[in-house]
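Reviewing the structure listed below.
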Amino acid sequence: MAILHVDMDAFYASVEVRENPALADKPVIVGGAAEGRGVVAAASYAARKFGVHSAMPMARALRLCPDAVQLPPRLALYSEISQQIRAIFARYTPEIEPLSLDEAFLDVTASETLFGSPVTIARRIKQAIRDELSLVASVGIAPNKFLAKIASDLDKPDGLVEVPADRIQAFLDPLPVTRLWGVGKVTGGEFDRLGIKTIAQVRGLSREFLQREFGKFGAHLWELAHGRDPRPVVSDHQAKSISMENTFAADVGDKTVLRAWLMDMGEQVAYRLRRQDFYGRTVQIKLRFADFKTVTRAHTLDVATRSTREICLAALRLLDEALSTTIAPVRLLGVGVTGLCDEPPVQQGDLFAGGETAPDKQRELDELADAINNRFGKQQLRRGGGITSR
């Protein structure tokens, strides 16, 4: 297997610098206004030097970096550019699994005969993104998704790191245990207690020991420490759902921040449904807490939808339910829609409704927003409540 993980470097901030070259070398923070409890959506590398990271309250970010240039997100523009990046990927493989607007897995196993080695393909993709879009990407190359994602993060920005199949343990062993998926503050503290600092030390433990210490998650850690990840790349034409998720740079305990992120992800999921001409029946959310406990919640609607309002309201209700019994901070948040179909739902009309119904008005609102954002990629028409409006 030859898997690439392509990750755009400081994507939102880099797009803003591209659009306004006068911002080059300045600390740029993209997010909502500080006075409205805004949240950082992205930060340039110049801003990151001050400790600024995504999901941080904007007020705190500006205290850390008072000279920063703070800009509101333009998600319609970022989405447009994301599609251009995906078009570059598609020149080399149809097996593309987008994770968000700024990263994706690519399976290039069957592409080597046409385009050369995985390293050659990665270099061509990086160069095309640079030449055509004036943006920078980092790429990890490995036999599986876990290794490729680690590799893409090791030499940022503008990195290209390959993990050959016969060098997996040499690559993993020196890395800190926190590089294993799911090892955050809580699990990392447990490893500290055990005197475990590196992946090599985890690999030296037995599966049984890790299961005693961490339950089922221990077996997962044992597999990762040995470089094993059987998950395939799942492209859009294979997918049975449309979803987005975000892993925060720091765990988020503020419910207002989580609701804002969920609103924006719900809006993007609804937009993707409409763009691909799908309707979905079940809305679901995913939460991963600081201790790596993962919770999913789902709600099946009476009729399939692609309405931004219906998806966001259902997702917010699920979030409130999931958080009603815990105050634990969240490290990953996701929203998705399953039960996809390409036929519009048949809805029972209201015999007493005069004129246009509420669903009709919501559909017109979505169509208007899509039309404006598709035509004016540098503008954005968005609903209140998300990170953009805060």
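The values are calculated or read from the model by the stated rules, or taken from the named source; none is laboratory data. Computed from a predicted structure; not experimentally measured. FYI the Cβ positions are ideal-geometry reconstructions off the backbone, even for glycines, and counts take in every protein chain you see. What goes into the accessible areas is simple: the full protein's heavy atoms, side chains included, and nothing from ligands, DNA or RNA. Shrake-Rupley method; radii C 1.70, N 1.55, O 1.52, S 1.80 Å.
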Review point. Which trypsin sites (Lys or Arg not before Pro) does the range 60-132 hold that lie in a coil by DSSP with at most 16 other beta carbons within 10 Å?
Key: Arg91
Exercise for review: Quote the Stokes-Einstein diffusion coefficient, in whole µm² s⁻¹, for the chain, based on the Kirkwood radius over alpha carbon pairs, a temperature of 20 °C and a viscosity of 1.002 mPa s.
Suggested key: 96
Point to revise | Nearest-20 debye value, the range 122-192 charge dipole, Cβ charges on Lys, Arg, Asp, Glu | key: 200
Check your understanding: Put +1 on the Cβ of every Lys and Arg and -1 on every Asp and Glu Cβ in the chain; which of Phe214, Leu316, Val69 then has its Cα farthest towards the positive end of the dipole?
Key -> Phe214
Exercise for review: Please state the charge dipole magnitude for the chain, taken about the Cα centre, from unit charges on C-beta atoms (+1 on K and R, -1 on D and E), reported in debye and rounded to the nearest 20.
Suggested key: 820
Practice item. Give the shape of the range 110-157 as rounded, prolate or oblate, defined through the alpha-carbon gyration tensor: a ≥ b ≥ c are the square roots of its eigenvalues, a/c under 1.5 means rounded, and otherwise the shape is prolate if a/b is larger than b/c and oblate if not. Key: oblate
Check your understanding: Going through the DSSP H helices of the chain, which span 18 Å or more along their own axis at the Cα atoms while scoring at least -0.5 as a mean Kyte-Doolittle hydropathy?
Key -> 75-90, 118-133, 255-275, 308-323
Check your understanding: How much length is gained on full extension from Asp192 to Val303, taking 0.36 nm per residue of separation minus their Cα-Cα distance?
Key -> 35.0 nm
Point to revise | Å² of accessible area per residue within the chain, as computed with a 1.4 Å probe and no ligands counted | key: 47
Revision key, fill the gap. With label points set 7 Å from each Cα along the Cα-to-Cβ direction at Lys185 and Ser134, the distance between them in nm comes to 4.0
Review point. Roughly to the nearest percent, how much of the accessible area of the range 79-131 is carbon and sulfur, given a 1.4 Å probe?
Key: 51
**Study point:** Qualifying trypsin sites (Lys or Arg not before Pro) in the range 189-236, DSSP loop, other Cβ atoms within 10 Å at most 15
**Key:** Lys197, Arg228
Revision key, fill the gap. Normalised Cα Rg of the range 28-184, dividing by 2.2 N^0.38 Å with N its residue count, works out at 1.18
Review point. With the contact rule set at Cα under 8 Å and sequence spacing of 6 or more, what percent relative contact order holds for the range 35-102?
Key: 23
Exercise for review: Find the relative contact order for the chain and round it to a whole percent, using C-alpha pairs within less than 8 Å whose residues are 6+ positions apart.
Suggested key: 17
Exercise for review: Treat every Asp and Glu Cβ in the range 162-215 as -1 and every Lys and Arg Cβ as +1, leave all other atoms uncharged, and give the resulting dipole magnitude about the Cα centre to the nearest 20 debye.
Suggested key: 120
